[in-house]
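The values are calculated or read from the model by the stated rules, or taken from the named source; none is laboratory data. Small disclaimer: the values here were computed from a predicted structure and weren't measured. Here the Cβ positions follow ideal geometry from the backbone for every residue, glycine too, while neighbour counts run over all protein chains shown. Accessible surface is based on the protein model in full, side chains and every heavy atom, while ligands, DNA and RNA are left aside. Shrake-Rupley method; radii C 1.70, N 1.55, O 1.52, S 1.80 Å.
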Amino acid sequence: MGSGTDQLTEQSVCESVCLDDLVEVTAHLERRHARFAFDVARLADAGEWAVDGSLSMAIWLQQHCRMSHRDATRLLIEGRFLNRYDAVRDAAFSGSLSASQVSALRNVVTKPTAVLFGQHQHGLVNAFRHLDPVTTERACQSWRAKAEAVADMPVPKLPDRSWTSSRLADGTMVGRFVLDPAAATELETALQTARTFDGAGDDRPHGVRNADAATEIIAFFNANHDGDGTPRHRPHVALYVQSDDLNNLGGGHAVTDDGHLLPTWATDAYLCDCVIHRVLRTAATITDYGRSIRSVPPQLFRAVADRDRGCRFTGCTRKIAWCDAHHVQWWRRNGETKLDNLVLLCSRHHHLIHRPGWTLQLDPNGDLHITNHLGHTSTTHPYTYPATGPPGHGPPS
Ligand SMILES: [Zn+2]
Ligand SMILES: [Zn+2]
């Protein structure tokens with residue numbers, strides 16, 4: 001790969017390419033990218049990025065080059081690899097190895113194999129320059145297995161416990177955890193308790209039900225812990241909403257402390273039952289701020305809790321501690337904060353009914369009519385104190 005690419009000019013790269021050009025353009029861009037990554041790693045080592053107060057080269061790239069942290073980190077990893085291994089660097093600069101082949105080589109370098117790779121790099125580059133990427137990948141895996149066999153590898157040991165997670169671009173969290181046997185039992189018991197089954201129409205796979213249960217457990221802890229703030233003050237999730245969006249019936253997103261956008265339906269669910277702080281800004285300057293107000297004052301929440309005693313969703317048995325107060329006519333739609341416009345809903349059902357297609361109607365006698373996205377309506381009744389037996393809602397009708 002790479003022969004004849006030197007004639008390629010910047011202009012020809014920027015023009016539309018046809019299929020016949022792809023080989024040359026790809027080789028050209030890969031060589032340019034390798035050089036670029038190498039230079040970025042060199043600049044990272046030079047440390048000039050700290051002059052403007054940046055905490056790392058990756059952060060400097062984020063701020064000045066509009067690069068995500070993930071892309072900046074990957075670029076630095078690529079550059080440092082080329083910086084460390086000269087034979088691979090020369091092959092990447094000349095195009096005798098493709099970017100995919102360089103990437104395959106990078107993946108075989110681990111702490112135990114790094115020294116051996118440095119000794120073998122020239123031979124590996126020579127052996128791989130005429131291979132296709134799939135064969136290169138296999139050869140790399142084979143080299144790594146042999147290298148690890150002769151390296152003084154520590155016996156792999158899982159940590160006793162760990163929890164690592166990261167956010168994807170859309171705000172979704174992915175992660176991996178290791179729990180000791182006692183914690184695993186606690187978790188399984190809690191998941192079992194929090195897992196719900198909403199009847200015949202509930203086709204959520206087991207994994208989704210577990211995720212919903214975990215969300216409820218976390219929301220329960222946030223609403224009921226003994227740390228800073230009282231359960232009803234709920235300082236655990238801070239969201240920022242533009243004042244124009246508060247009354248914007250068409251929606252409007254909230255932004256979390258760490259900059260993730262929440263969808264409109266989740267924003268509406270939080271607005272139903274939260275503490276609101278008013279802050280006035282002119283451009284970046286805060287010009288005024290007001291006292292905080294609660295969208296549902298504690299006394300009113302108590303009254304709603306007294307009437308409902310738990311989640312009002314059909315068939316749900318979640319108790320008060322699991323619940324938010326939901327504005328039947330939504331808060332953002334100027335719904336009033338009063339007893340006959342509020343019902344208790346557990347976290348999962350609260351977020352569910354804020355999704356498109358769901359409507360709720362609360363009668364003066366406290367009966368709640370829930371119409372789902374398929375048009376089916378069911379009704380639940382306020383709590384009645386039974387003479388005997390466990391507390392519960394009237395059956396759905
Ligand atoms: Zn709500
Ligand atoms: Zn519920």
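At a 10 angstrom cut-off on C-beta neighbours, averaged per residue, how do the peptides 189-200, 138-149 rank from highest to lowest?
138-149, 189-200
Sort Tyr240, Tyr85, Tyr270 from largest to smallest accessible area, using a 1.4 Å probe on the heavy atoms of the protein chains.
If we order Tyr240, Tyr85, Tyr270 from most to least accessible, we get Tyr240, Tyr270, Tyr85.
Which peptide among 334-341, 28-35 comes first, and what is the full order, when sorted by highest mean count of other Cβ atoms within 10 Å?
Packing proxy ranking, top to bottom: 28-35, 334-341.
Leaving ligands and nucleic acids out of the surface, order His381, His120 by accessible area at 1.4 Å, largest first.
Most to least solvent-accessible, the answer reads His120, His381.
Calculate the length of the line joining the C-alpha centroid of segment 327-360 to that of segment 100-147, in whole Å.
58
After finding the eigenvalues of the alpha carbon gyration tensor for segment 5-150, what semi-axes result from the square roots of 5 times each, listed largest first in whole Å?
One finds semi-axes of 27, 24, 12 Å for segment 5-150.
With a 1.4 Å probe and all protein chains left in place, how much accessible area per residue does segment 5-150 have, in Å²?
60
If packing is taken as the average count of other Cβ atoms within 10 Å, what order do 56-68, 72-84 fall into, highest mean first?
The packing order, highest mean first, is 72-84, 56-68.
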